[in-house]
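See below for the structure under consideration.
The values are calculated or read from the model by the stated rules, or taken from the named source; none is laboratory data. As the structure is a computational prediction, the values presented were derived from the model and not from experiment. Cβ placement follows ideal geometry from the backbone for every residue including glycine, while neighbour counts extend to all protein chains displayed. SASA here: full protein model, heavy atoms, side chains in, ligands and nucleic acids out. Shrake-Rupley method; radii C 1.70, N 1.55, O 1.52, S 1.80 Å.
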Amino acid sequence: MTTPERAERRRAWAAVAPALLWTLAFFVVPFAMMAAMSLWQRQGREVVRVWDLSNYQDFLSKPHLLGALWNSIEITVLVTVISVVLAYPLAWIIAERVPRHLQRLALALAVLPFWTSYVVRSYAWTLVLAKNGVLNQALIGAGLIAEPLEISATRGATVTGFVHFFVMLLTLTIYANLVQLPANYRRAAADLGAGPLAVFWHVTLPLTLPGIMVGAFLTFVLCIGDYITPQILGGNSELVLPQVIMLQLGRGADLPMAAALSIVLMTVVTAAWLACARWLRLERA
Amino acid sequence: MTAPVELVAITRDFGATRALDGVSLGLSAGEFAVLLGPSGCGKTTLLGILGGFLAPSAGHVLIGGQDVTALPPARRPTTTVFQDYALFPHMSVAQNVAFGLRMRGMRRLARMARADEMLALVGLQGAGTRRPHELSGGQRQRVALARALAVEPDVLLLDEPLGALDLKLRRQMQDELKSIQRRVGTTFVHVTHDQEEAMAIADRIVVMNGGRIEDEGTPQRVYLRPRSRFTAAFMGEINLVPARVGGAGDGHLLLETALGPVRLALKGDLSAVQPGARLALGIRPEHLRPDEAGLRIPGTVIETIFSGTHQRVRLQPSPAGPPLVAHLPQGARVAPGEAITLAFDPAAAVLLPEA
Amino acid sequence: MTAPVELVAITRDFGATRALDGVSLGLSAGEFAVLLGPSGCGKTTLLGILGGFLAPSAGHVLIGGQDVTALPPARRPTTTVFQDYALFPHMSVAQNVAFGLRMRGMRRLARMARADEMLALVGLQGAGTRRPHELSGGQRQRVALARALAVEPDVLLLDEPLGALDLKLRRQMQDELKSIQRRVGTTFVHVTHDQEEAMAIADRIVVMNGGRIEDEGTPQRVYLRPRSRFTAAFMGEINLVPARVGGAGDGHLLLETALGPVRLALKGDLSAVQPGARLALGIRPEHLRPDEAGLRIPGTVIETIFSGTHQRVRLQPSPAGPPLVAHLPQGARVAPGEAITLAFDPAAAVLLPEA
Amino acid sequence: EELNALVWCDHTDPALIEPFEKAHGVKVNLKEYEGTGTALSIVEQSRPGDWDVFVIDGIDVPRAIDAGLLAPLPVAELPMADIFPEVVLEGFQSRDGNTYAVTEKFGYNTISYNKEKISAEELSEMQALWSSDEFAGRIAIYDYYLPVMGMVAMGLGKQTADIGEGDLPAIRDALFGLKKNARSVVDVVSSQTALATGEVDILVGGGEWVTAILAADQPELDWMIPDQGAVRWSQSIGVFADSERKDLAVEFVKYILSPEGQARLATSSCYWAMPANAKAGEVLTDQQKAALRWDDQPDYLKRAQLYPAPDGDLDAAMQDAWTEMLQH
Amino acid sequence: MTAVLRLASWGYALALYGFIFLPVVVLVLFSFQDGRLPIPPFEGPTLRWYAAVWQDRSLTAALGNSFVVALASSAVSCALGFLAAWGLARGRLAGGRAMQGLITAPLTVSYLLIGLGLMISFNLTGISPSLLTVGIGHAVINTPLCFAICFASMGDHQVNIERAARDLGAREWQVLWLVTAPMLLPALAAGFALSVTFSWDEFIIAFLLSRFDVTLPVEIWSLLRSGLNPKTNAAGSVVFLVSVAMVLAAEFTLLRRRR
Ligand SMILES: Nc1ncnc2c1ncn2[C@@H]1O[C@H](COP(=O)(O)OP(=O)(O)OP(=O)(O)O)[C@@H](O)[C@H]1O
Ligand SMILES: Nc1ncnc2c1ncn2[C@@H]1O[C@H](COP(=O)(O)OP(=O)(O)OP(=O)(O)O)[C@@H](O)[C@H]1O
Ligand SMILES: NCCCCNCCCN
Ligand SMILES: [Mg+2]
Ligand SMILES: [Mg+2]
């Protein structure tokens, strides 16, 4: 007998199946292939299917590859922290200080540059940060500095480009968290004698922390995996993991090594995920 | 720990809406006052103005004789229990209760001891280490109460604190609220739109409607002698019979009604009532009883509905007028279509404006 | 348009939970049956099995004599009105009402005409072009009703259809439901946990508890002569006085109670009652009246609460036993601490198992 | 019909491609790359028949022949006689009597600089670039390991053709010194940008391909060859062995090697450089020839050495050294 | 104190808005630069770089490609994500949490790795890079997004609405098509709009999985690598305007629906 529940389950399976198969075919299988590839080797001009960990050993023994991992982690952590610290007050100001009917507009303005192409945005920063660029000209013109700041082609430039992007992203997510926080929590705290700072510290901040963590994790993932910004803004003064991966892919034609480095990158992201896992649950309304 | 409250001509506008319209009200220290009224009548607005979350457009708030109109919530001798409890979800129950004390700079040990005391007061001994989400609705309600009382406010404000509870729990919490209020002696201002709840707990009921106070007084006064048609109908089912003043004098008023002439004894000055004036006579269903002394009303039964403690009977009075509702004892044998004579004691009826 | 319903030994398990435990029930065609019981007792489960949303773990469902246990909802002669109305938010009111007809392939014009008819039936003429979110709660409820009735089901299932309405609207919709049911003649199975609602509308009340049927019968029967302690307490407040059978005979039972000896006239076979057996005597508060004939109980008033139609008085009986609750008339002048004598007619009391 | 060509960025100039497309009524699909490794990895990731035309570094032609990528060219139909003899690279491009690729363009990896900021004399000693402090922060390095490492080797007194594993430590140290002085390590466009915007005064690895295109706007940007010489690069064009449109591909090669094609290639938008066909001189304007230093070529050719052409292992080692420099 | 706080707030907001707008302003300003170098000094306005963009046929082709890929991949993502969300929210499936985790997993993986993995597997299975493979890549990253958005707006209150439809005789596809999808239209629209945005701006996957037909970001990338001039600024400004126009269009149509 087909009970209603069984029919329901069958329908549910039929609905989930396409996405599952899709994910399997175009996400899980590619990942497996990449993992397999990472165990092969580039020998001379050929890829040979010997199964060993020599790519990983190489990675661990070559300081310039290991260095790329460290650069990646340092830059990503720096970017994540700076972005959160910059975005939170802005989101707070929009949510709390801007009149309600203007909040959408304020938010739209805060993310407007989102709509320039990502590649173009990095390029635009090179123009801003160049030795004779807008920033230096303006600062010199204003008499604030005598010699142009040397920001272009440095880690500072990379971090600036990243922070620009993620401040927008985080302002959005943190704002969304702030406005969905029921007003009664803040009222209750104020009612019990908390001043504005105490309300923020004891109530608003802890209650928006999960949202911040989600945003921070998103920032981490997107930042550590990005190739464009460091490539355009970093001036090759140092390399991050994605740049090294792309080098293996292009100049080195070493797909196995690229795959191995990708697995390393994946491991870092997974570690970050585990670190924030308890804030990253997907809930239904 | 307790203080009188005085609202002076409070008006509050939201854009074009006038949520409160010249509300004046005095409450004694230690009183349990209930603001009762339909949705949108301005109860929450009034409570917000008392608590300092809203500023009045005009008028003053005095607590313990001091004008607090300009003070923020944190500096008023009031605390609020919110309908949704607003317990801090990231703190334990004890931390919630101790929050106000912490803001006042009380030491950890001292405030935790006090939190335990407060939890005991509301019957939640030992629940201090739990998180709000681990509690049932009724338990959360108690925590919210304990948190608000912990800072020893002069006035406790409660905005439909029982609205989210199911009926049984609600009736039970009413009793507890009342007994806690008696123990602490704090002035309670409690908002509800449930008139049974209001009667069960209030020392004084303040009936609101459309931003104004319609009536105020003890539950008995407001139920049995309502000052307005609105109050009369809001406090419970009532039959309103149109009446015309035939004459007055000798402490009595002579009314012409569809049910026949009614002689009503009234206290006070009758000269204000003009002969010919149109009024309404309010008769509660439980005051219409079979075959008793008083004014007799013959009629025909339209419908009987068994309601447990009584039978609810609708009948068409023979003289004329709109159908009446009467509560008859369970045992009364009445059936639709049957003729029946009921009676009521004019002393139990109440005279109300026509509309 | 209408049909009898027969449930045969329905059992339903959810994993380890037994939501229904051998429920058998027969309803006549055109009956207004109310399933009444506390939260979690299995009402929704039973209704789901009737509607075909759930399959029973054991047992059969017969509608109009036909076994429908294996049919999906769409092929049963039932439709359901959900507590949250479940109106299609993206369709107009008329499209909502006409949906079932559309699924049956009825032409646009024909089904729109029928939708208008149905809307008229529920008092919503002309509201067809509106969207559900533009309607009030009570109006949505009516649309849901019209939608379910539009396809002319034999049996209409209603799962707490009035649960989301406020009290006043709820009482009003009860009357309308009842009168619509009379007009269409369809068998209604209505779920609620509000015993006042059940008494107001039911032809037959089915009291459920813990997955079983505790009692069933007319409202009067179930309220005045409950078959179990659970039913007695669930239908309204009741005083349960422990009683021991002293002896039986002559159509009477002699009980020893804390209030003194009680002689109870009982119909039927008394031989089943063993002398010495422990029972409980159930007395509704409204049956305890001041100074009347019957068994007199002296006592001391503990507390009086004004409740509008009556005063709720708690008193400690002098002989012994637990405090009793009595409903006294509004005018009765009683104060805490006062001595008072109440009386009840043993014929109005009901004998219940001890626990 | 479509022709798929794997090319350097100079071939993506519509001014170069459109005349051919019009003449033959075809569409030319171009995929650009930078560096032979990238090209080979793209080819590896393709299916046979995907590609028709290949533009590749002159010194890497043998790698492509070894891998069986290239088809013999009908030399009789090509203007072989007009190619500057110095850049023909017979030994690289022919095998067993077949010619697999023809040089189409050449130039130098040496030093581009800003005349207003620094004089050619100051740059004549290459070693100063990595050992002297006076260039600190004024240098950009062209981000391609082969020519720059070749230059550094020459600066250290080695021959580019002889570079072996043993030379790498010295070269690497020199690179580290260079990196210390450098503001950035840049691709083709960023190298132009860096010079043009005054970001740096010196581009190591630059040459006419960086500055010629800017000559009209910014005459102060120039290039020179230090005392130790420069690296000569050349690019060759060939046809894929498994091309399914060999005839059209050969037509394309013919067009590129024709005087008109050569002139357009020499002055295409990504970078300018000397055409391999001497007859292009008849099509180019005097101004263009001046920018290309047409007349100085005999001298330059003498002072330049070919790109290093490492085998697989050495290539990997050189890339590692380069990446280490980037991370230094 | 409050005055200081207010002043600090507005000062801060102003500074951050300045930071956020700086590159865009510079980009647009120097797209009108009458000279080769898009850096100060500004040498007076010209539209010639816009003309150059207009005449660049690979750029215009890339613009079209981007549209096609964005729309098609978003449609696929929405369909897959919606169905999966519905199945997982409604049917109490054993292992539901695990499946949910699997479907959302791509959200937590860098695009580079997704692109590389796909490139490797397409390579090993002999599938040539094309707009189709780019579209697949974009649907991989956007399906979890659409899933998450739909899943989050699947409330239990909709269960009864679907039941009501079934109860009234609707077949399963009718329930989905006539009731569930229209009911979740806001979520679907949001998912679609977001997917289009992400696909529109995505570089690395498109770069790794395309060959001749490329999307706009990839074309702009090669533009960047083929010469420094304000044409890049002009192209960037055009993309900016097109994107803002799309956003406004989406906003207005969605807003109108909500009213
Ligand atoms: N922030 C506000 N903006 C605009 N109008 C408001 C606002 N707050 C309340 N109002 C309006 O003021 C009136 C009184 O609202 P209030 O919330 O005080 O009613 P209430 O008696 O508490 O009703 P309820 O029982 O529904 O809670 C209503 O008409 C309401 O719409
Ligand atoms: N899908 C389910 N899975 C597991 N247990 C269930 C499920 N549905 C119901 N139950 C359990 O079966 C019992 C009866 O539930 P049911 O919903 O029928 O109660 P109810 O009488 O309708 O209660 P309420 O008045 O709260 O709606 C409860 O213990 C409930 O927890
Ligand atoms: N793709 C850019 C090439 C520019 C010229 N480079 C010369 C040396 C390359 N082998
Ligand atoms: Mg309110
Ligand atoms: Mg239920």
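The sole residue among E:PHE19, E:PHE82, E:PHE32, E:PHE42 that is open to solvent by 10 Å² or more (accessible area, probe 1.4 Å) and within 23 Å of the chain's Cα centre (by Cα) is E:PHE82. Of all residues in region C:325-355, those satisfying the criterion of being in contact (Cβ under 8 Å) with a residue 60 or more places away in the chain, surrounded by 15 or more Cβ atoms within 10 Å (Cβ to Cβ) and farther than 21 Å from B:GLU196 by Cβ are C:PHE344, C:PRO346, C:ALA348, C:ALA349, C:VAL350, C:LEU351, C:LEU352. In region D:7-38, which residue that is in a helix (DSSP H, G or I) and under 17 Å from the mean Cα position of the chain (by Cα) is nearest to ligand 5 (Cβ to nearest atom)? Among those that are in a helix (DSSP H, G or I) and under 17 Å from the mean Cα position of the chain (by Cα), it is D:THR38. The residues on offer are D:GLY150, D:GLY205, and the sole one that is in contact with a Pro (Cβ under 6 Å, 6 or more places away or on another chain) and either part of a strand (DSSP E or B) or polar (S, T, N, Q) (or both) is D:GLY205. Of all the residues in region B:216-243, those that are at pLDDT 95 or above and acidic (Asp, Glu) number 1.
Residues in region E:193-221 that are farther than 22 Å from E:ALA234 by Cβ, more than 10 Å from every other protein chain (Cβ to nearest Cβ) and surrounded by 24 or more Cβ atoms within 10 Å (Cβ to Cβ): E:SER195, E:VAL196, E:SER199, E:ILE205, E:LEU209. On inspection, E:ILE161 qualifies as within 8 Å of another protein chain (Cβ to nearest Cβ), assigned to a helix (DSSP H, G or I) and of a type in the set (Val, Ile, Thr). Quickly run through region C:100-127 and pick out the residues that are within 14 Å of another protein chain (Cβ to nearest Cβ) and either open to solvent by 50 Å² or more (accessible area, probe 1.4 Å) or touching a Phe, Trp or Tyr at 6+ places or on another chain (Cβ under 6 Å) (or both). Within region C:100-127, C:ARG102, C:ARG104, C:GLY105, C:MET106 qualify. Among the residues examined, E:ILE141 qualifies as within 16 Å of the chain's Cα centre (by Cα), open to solvent by less than 30 Å² (accessible area, probe 1.4 Å) and either more than 7 Å from chain A (Cβ to nearest Cβ) or closer than 25 Å to E:VAL68 by Cβ (or both).
Take the residues in region C:312-355 that are more than 25 Å from C:PRO226 (Cα to Cα) and either in contact with a Pro (Cβ under 7 Å, 6 or more places away or on another chain) or in a strand (DSSP E or B) (or both); name whichever of them is modelled with the lowest pLDDT. Ranking the candidates gives C:ALA332 first. May I ask you to say which residue of C:ALA198, C:ALA233, C:ALA164 is surrounded by fewer than 16 Cβ atoms within 10 Å (Cβ to Cβ), within 16 Å of ligand 2 (Cβ to nearest atom) and either within 14 Å of chain B (Cβ to nearest Cβ) or of a type in the set (Gly, Ala, Ser) (or both)? Answer to the check: C:ALA164. Look at (1) open to solvent by 50 Å² or more (accessible area, probe 1.4 Å); (2) within 23 Å of E:ARG6 (Cα to Cα) and you find that A:SER61 fails only one, number (2). Filtering region E:2-61 to residues that are aromatic (Phe, Trp, Tyr) and at the interface with chain A (Cβ under 10 Å from one of its Cβ atoms) leaves E:TRP10, E:TYR12, E:TYR17, E:PHE19, E:PHE21, E:PHE30, E:PHE42.
In region B:141-179, the qualifying residues are those that are basic (Lys, Arg) and farther than 27 Å from B:LEU101 by Cβ, and the one that is farthest from ligand 4 (Cβ to nearest atom) is B:LYS168. Only a single criterion out of (1) under 30 Å from D:LEU195 (Cβ atoms); (2) open to solvent by 40 Å² or more (accessible area, probe 1.4 Å); (3) of a type outside the set (A, V, I, L, M, F, W, C); (4) touching a helix residue (DSSP H, G or I) at 6+ places or on another chain (Cβ under 6 Å) is not satisfied by E:GLN55, namely (4).
In summary, helices (runs of 4 or more DSSP H) completely within region D:234-300 and bearing 3 or more residues that are closer than 13 Å to D:VAL55 by Cβ occur at D:246-257.
Residues that are touching a residue at least 24 places away in the same chain (Cβ under 8 Å), open to solvent by 30 Å² or more (accessible area, probe 1.4 Å) and within 15 Å of the chain's Cα centre (by Cα) within region E:222-246 comprise E:VAL242, E:MET246, listed in sequence order. Can we say E:LEU93 is surrounded by fewer than 24 Cβ atoms within 10 Å (Cβ to Cβ), among the hydrophobic types (A, V, I, L, M, F, W, C) and in contact (Cβ under 8 Å) with a residue 12 or more places away in the chain? In short, no. On the basis of being in a helix (DSSP H, G or I) and buried (at least 19 other Cβ atoms within 10 Å of the Cβ), does D:VAL61 make the cut? Judged against the criteria, D:VAL61 is a match.
Under 6 Å between Cβ atoms, at least 6 apart or on separate chains: pull out the pairs that start in region C:67-80 with a residue that is under 20 Å from C:PRO161 (Cα atoms) and end on any residue that is assigned to a helix (DSSP H, G or I). These pairs meet every condition: C:PRO73/C:GLY51; C:PRO73/E:ARG166; C:PRO73/E:ASP167; C:THR78/C:GLY51; C:THR79/C:ALA148; C:THR79/E:ASP167; C:THR80/C:GLY51; C:THR80/E:ASP167. Those helices (runs of 4 or more DSSP H) of region C:160-269 in which at least 1 residues are free of Cβ contacts under 8 Å to residues at least 40 places away in the same chain and farther than 28 Å from C:PRO346 by Cα, considering only elements entirely within it, cover C:167-184.
Number of residues in region E:106-122 that are open to solvent by 10 Å² or more (accessible area, probe 1.4 Å), in contact (Cβ under 8 Å) with a residue 24 or more places away in the chain and at the interface with chain A (Cβ under 7 Å from one of its Cβ atoms): the value is 1.
Among residues of region C:4-47 being of a type in the set (Lys, Arg) and crowded, with 18+ Cβ neighbours inside 10 Å, the one that is nearest to ligand 4 (Cβ to nearest atom) is C:LYS43. Taken over region A:100-124, the residue count meeting the criterion of being more than 23 Å from A:ILE174 (Cβ to Cβ) and either within 7 Å of chain E (Cβ to nearest Cβ) or of a type in the set (A, V, I, L, M) (or both) is 5. Among the numbered conditions (1) modelled with pLDDT under 90; (2) within 21 Å of B:SER28 (Cα to Cα), the only one that B:ALA265 does not meet is (2).
Residues in region D:245-274 that are within 14 Å of another protein chain (Cβ to nearest Cβ) and open to solvent by 10 Å² or more (accessible area, probe 1.4 Å) were compared, and the one that is nearest to ligand 3 (Cβ to nearest atom) is D:TYR271. Among the residues in region C:147-157, are any touching a Leu at 6+ places or on another chain (Cβ under 8 Å), more than 16 Å from ligand 3 (Cβ to nearest atom) and within 30 Å of C:GLU237 (Cβ to Cβ)? No, because not a single residue in region C:147-157 is touching a Leu at 6+ places or on another chain (Cβ under 8 Å), more than 16 Å from ligand 3 (Cβ to nearest atom) and within 30 Å of C:GLU237 (Cβ to Cβ).
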